Amino acid sequence: MNKPGLVVIDGDCAFCRSCAAYLKRHDKKNRLSIEFHQEDLHDNPLKSEGVSSVRYIRDGNTYLYDEAVLRILSELGIMHRLLSIALRIIPGALRKSAYRFIAKRRKKLFTNSSC
């Protein structure tokens, strides 16, 4: 049995926690392990690298931004896998721009967020 991929997300963000809950509901085969971090901690490895992104670690490889999202989606089942494949049609630079657009505005997506 393969070790689950590790999803690292911002634990202080209501939008991010909502995404984690969605992943837990749809991960029927337990292919993902979810870990929360806090962006404002000094020992946060994402902050030290200047990265404010979801991080997906699988088989020793680390994926960030849109690539992390696509790889996470592909772990959830056939419909999510098909969505991941369909989104790959969009050029990478455009996908990354869309990811960053949403990431910068995630605080506004949930008004009760502590992001």
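A quick yes/no check of all residues on (1) of a type in the set (Phe, Trp, Tyr); (2) at pLDDT 90 or above; (3) farther than 19 Å from residue 62 by Cβ:
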position	(1), (2), (3)
2	no, no, no
14	no, no, yes
17	no, no, yes
23	no, yes, no
29	no, yes, yes
Checklist line | Among (1) surrounded by 17 or more Cβ atoms within 10 Å (Cβ to Cβ); (2) of a type in the set (Ser, Thr, Tyr); (3) modelled with pLDDT of 90 or more - the single one residue 53 does not satisfy | finding: (3)
Note to self: Here's a check for you: in segment 62-102, which residue that is in a helix (DSSP H, G or I), among the charged types (D, E, K, R) and out of contact with any strand residue (DSSP E or B) (no Cβ under 6 Å at 6 or more places or on another chain) is surrounded by the most Cβ atoms within 10 Å (Cβ to Cβ)?
What the structure shows: 66
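The values are calculated or read from the model by the stated rules, or taken from the named source; none is laboratory data. Note that the structure is predicted; figures quoted are calculated from it, not measured. Neighbour counts run over all protein chains shown; Cβ positions are idealised from the backbone, glycine included.
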